[in-house]
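Novice: To start, I am sharing the structure in question, which I have written as structure tokens.
The values are calculated or read from the model by the stated rules, or taken from the named source; none is laboratory data. Here the structure is a predicted model, which means the values were calculated and not measured. Backbone-built Cβ (ideal geometry, glycine too); neighbour counts: all protein chains shown. Each accessible area value is taken on the protein alone, full model and side chains, heavy atoms only, with ligands, DNA and RNA left out. Shrake-Rupley method; radii C 1.70, N 1.55, O 1.52, S 1.80 Å.
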Amino acid sequence: MAPLYFSMKALKICLAAMVLLLITSCNKVDNKMESQIPDDAVIVAKIDIPTLISNLKIEMKDGKMVLPEKFAKMLESKGEDFSEDAAKLINSGIDFEHSIYLFAPDSKELSLVALLPLSDPAKLKQFLTEEEKASFESKDGLGVANMGEMAYVIKDDLLYVTNGFKGQDPATIVNGLLANKKSMGDNASIVRALDAGNDINVYVNTKRVKELTGSEVGKVPNGDMAKMFFDLMDIKCSAFHMNLADGEWNINVENEVDDNGDFMKLVNSITTKPSADLLAFMPKANNMGVLNLNLDGEGILNLDMVKAALGEMGSDPQMAQILDIVKSVKGPVTVGFASTSFNPEDADGALAFKCGKSKELIDLLKQMFPASFYTQNGDEYVLNDKVEGFNATLGVKGDVVYVKMTHKNYTENMASVGEAKDVIGNAMCGAFFSLGVDNMQMQLVHNGKSVKDIKWTMWVKEDGKKLSPLDALTFFDRLSRQVKGL
């Protein structure tokens with residue numbers, strides 16, 4: 001038994017050494033690329049290629065890329081065939097066993113640099129020469145192919161792709177990166193954002209991006225109000241994380257905000273505690289969706305930008321009455337729809353909100369519209385004429401005001417949908433969608449718990465089983481064809 005014991009022990013040591021060597025190699029390559037990303041970069045992205053390929057269920061066989069079956073068939077039905085291009089890329093000399101980095105330096109142009117590890121620099125140079133018609137020359141110890149605004153630069157076992165650096169010499173740009181005195185490793189926010197262990201992680205210096213692009217916001221149509229809000233938005237930096245494990249598309253956004261700053265005070269003044277109470281007013285069917293915001297009407301009207309927009313209108317007696325009603329809106333404002341199919345004639349919609357002066361609102365509407373305009377049925381007011389083909393009903397139930405736009409008048413409501421209740425009841429801003437096509441069902445959830453923490457999750461099931469992320473995209477192809485066929 002001694003020889004067997006020794007051999008098993010030796011095997012374990014060898015395996016551990018191999019794993020350690022692989023981890024060390026990965027870290028060494030990543031560290032090399034990270035050392036060339038400046039600490040003041042405004043955007044940095046890290047794409048973990050091995051993990052991403054694994055979670056997308058893409059396989060490499062005999063130097064070829066094998067896509068998930070359903071996704072591959074969808075591409076084939078559209079006459080798309082990436083197999084030849086993919087095979088060339090796999091054998092291009094790029095090292096797909098490590099991560100890829102992209103970053104934008106602190107520049108008004110927000111130009112972009114991509115860093116890719118190479119397994120065979122000579123093969124990569126040949127690939128770019130043949131496929132991209134790149135012409136390389138030696139300059140300052142680098143292999144440089146200038147393609148106009150874009151350039152390829154090869155240095156040892158790394159490829160640098162620079163884009164958007166108008167008139168700047170790519171060799172000078174890359175040598176500047178190589179000479180960095182301070183790198184992203186000296187910026188704790190970048191390190192924290194990229195070290196989250198997801199398929200894709202992105203750091204954004206939101207404050208600096210705002211400074212660089214803020215002047216452009218006011219140039220868009222009606223941009224004054226947008227710029228005013230843009231200036232108020234006091235997010236220091238953001239981290240975006242995408243994870244495709246377990247057959248789900250998961251995106252998480254983390255924003256760094258000062259709890260005692262003016263922006264958070266503003267957000268807190270116009271929002272209220274999450275509530276799923278109004279799901280009882282949202283129709284339920286095979287296809288359904290709901291969006292919910294928890295708002296404080298008084299807080300909104302007290303905003304300087306709103307006061308400026310209203311101007312002298314508040315002095316009008318009827319407008320003053322309307323504003324007084326808006327001030328009483330406090331709690332969830334919920335919009336939903338439901339349909340057994342994607343035919344508009346099968347759809348019902350609803351809007352509901354909590355209003356402390358619901359009776360005053362109804363009395364005001366009665367003053368504005370003649371009695372011949374509607375038929376009263378208890379606490380509901382049914383419009384005598386259809387609106388865009390819908391039967392329209394305004395109703396009041398306690399402090400809830402609701403509007404129903406119906407074709408089918410579905411009797412079930414979304415209060416019984418546990419997934420919707422969970423997200424709407426716990427999010428400052430939440431959304432839930434569930435759509436079905438044939439034997440496939442898609443669910444999309446947006447959970448904005450706060451300005452600091454925002455999540456999106458999407459999955460598709462076929463016959464009750466979750467599909468891989470790429471196969472899940474075939475749902476939207478089926479959906480688009482079904483909608484076009486109506």
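Novice: For the range 406-454, evaluate the Debye formula with one uniform point scatterer on each Cα (no solvent term) and list log10 I(q)/I(0) at q = 0.17, 0.19, 0.26, 0.28 Å⁻¹, rounded to two decimals.
Specialist: -0.63, -0.74, -0.98, -1.03
Novice: Please work out the Kirkwood hydrodynamic radius for the chain, using every pair of different C-alpha atoms, and report it in angstroms with one decimal place.
Specialist: 27.1 Å
Novice: Amide H of D234: which non-local residues (sequence gap of 5 or more, or other chain) have their own amide H closer than 5 Å, using H built in the peptide plane?
Specialist: When sequence neighbours closer than 5 places are left aside, the close amide H contacts are F263.
Novice: Compute the Cα gyration tensor for the range 327-460, then decide on rounded, prolate or oblate, letting a ≥ b ≥ c be the square roots of its eigenvalues: rounded whenever a/c is under 1.5, prolate when a/b is larger than b/c in the other cases, and oblate in all that remain.
Specialist: Cα axes put the range 327-460 in the oblate bin.
Novice: Applying a 10 Å radius around every beta-carbon, put 162-170, 353-361 in order of their mean neighbour count, most first.
Specialist: Listed from highest to lowest mean packing, they are 353-361, 162-170.
Novice: Each residue of the range 260-269 in turn: what ³J(HN,Hα) in whole Hz from Karplus with 6.51, -1.76, 1.60 and θ = phi - 60°, glycine and Pro shown as x?
Specialist: Per-residue couplings from phi come out as 9, x, 4, 5, 5, 5, 5, 4, 5, 6 Hz.
Novice: Assigning unit charges at the beta carbon (Lys, Arg +1; Asp, Glu -1) and nothing else, what dipole magnitude in debye, to the nearest 20, does the range 33-73 show about its Cα centre?
Specialist: 460 debye
Novice: Evaluated at 4 °C with a viscosity of 1.567 mPa s, what Stokes-Einstein diffusion coefficient in µm²/s does the range 246-330 have when Rh comes from the Kirkwood expression over alpha-carbon pairs?
Specialist: 79 µm²/s
Novice: Nearest 20 debye, what's the magnitude of the dipole of the chain about its Cα centre given +1 on Lys and Arg Cβ and -1 on Asp and Glu Cβ?
Specialist: Approximately 640 debye in magnitude.
Novice: Now for a separate question. Would you mind classifying the range 52-93 by shape? Square roots of the alpha carbon gyration tensor eigenvalues, ordered a ≥ b ≥ c; an a/c under 1.5 is rounded, otherwise it is prolate if a/b is larger than b/c and oblate if not.
Specialist: oblate
Novice: Right, next: Of the peptides 36-48, 442-454, how do they stack up when ordered by the mean number of other Cβ atoms within 10 Å, highest first?
Specialist: 36-48, 442-454
Novice: Right, here's the next one. Working from the pairwise distances between different alpha carbons, so that the mean of 1/r is found and then inverted, what is the range 241-285's Kirkwood radius in Å?
Specialist: Radius from the Kirkwood sum: 14.5 Å.
Novice: Can you compute the helix-only [θ] at 222 nm over the chain? Use -39500 (n - 2.57) per DSSP H run of at least 4 residues, normalise by all residues, nearest 500 deg cm²/dmol.
Specialist: My calculation for the chain gives -10500 deg cm²/dmol from helical runs alone.
Novice: Would you mind pulling out the separation of the Cα centroids of the range 339-399 and the range 159-199, in Å?
Specialist: The distance from the Cα centre of the range 339-399 to that of the range 159-199 comes to 56 Å.
Novice: Just how far, in whole angstrom, is the range 246-294 from the range 415-462 if you go by their alpha carbon centroids?
Specialist: 11 Å
Novice: Rounded to the nearest whole Å², what accessible area per residue is found for the range 291-366 with the 1.4 Å probe?
Specialist: Details: 3770 Å² over 76 residues.
Roughly 50 Å² per residue, with all protein chains present.
Novice: Averaging over every viewing direction, what projected area does the convex hull of the Cα atoms of the range 315-382 cover, in nm²?
Specialist: Working: hull surface 26.1 nm².
Result: 6.5 nm².
Novice: Place the peptides 257-264, 321-328 in order of packing, highest mean first, counting for every residue the other Cβ atoms within 10 Å and averaging per peptide. Mind dumping the intermediate values first?
Specialist: Details: 257-264: 12.9, 321-328: 16.8.
The peptides rank, most packed first, as 321-328, 257-264.
Novice: When only Cα pairs under 8 Å and 6 or more residues apart are kept, what is the percent relative contact order across the range 240-367?
Specialist: Averaging sequence separation for qualifying contacts and normalising by length gives 26 percent for the range 240-367.
Novice: Here is a further query. Could you tell me what % of all Cα pairs in the range 112-209 have separations over 17 Å?
Specialist: Roughly 59 percent, rounded to a whole number.
Novice: Output wanted: per-residue J couplings in Hz (rounded whole) for the range 52-66, from phi through Karplus 6.51 cos²θ - 1.76 cosθ + 1.60, θ = phi - 60°, x for Gly and Pro.
Specialist: Result, ordered by residue: 4, 4, 5, 6, 7, 6, 8, 10, 10, 10, 6, x, 10, 8, 10 Hz.
Novice: On the accessible surface of the chain, probed at 1.4 Å, how many percent belong to carbon and sulfur atoms?
Specialist: 56 percent
Novice: What's the local net charge at Q321, with K and R +1, D and E -1, over the other residues with C-beta under 10 Å away?
Specialist: On the way: positive: K357; negative: D316, D324, E360, D363.
So the environment of Q321 carries a net charge of -3.
Novice: Here's another thing I want to ask about it. Counting only residues 5 or more places away or on other chains, whose amide H sits under 5 Å from the amide H of K139 once H atoms are built in the peptide plane?
Specialist: V144
Novice: Ok, one more. So what are the ³J(HN,Hα) numbers for the range 148-161, from phi and the Karplus equation (6.51, -1.76, 1.60; θ = phi - 60°), rounded to whole Hz, Gly and Pro as x?
Specialist: Per-residue couplings from phi come out as x, 6, 10, 9, 9, 10, 10, 9, 6, 10, 10, 10, 10, 10 Hz.
Novice: Continuing with the same structure: Hey, if you put +1 on the Cβ of every Lys and Arg and -1 on every Asp and Glu Cβ in the chain, which of A371, G93, T334 ends up farthest toward the positive end of that dipole?
Specialist: Value computed over the given set: T334.
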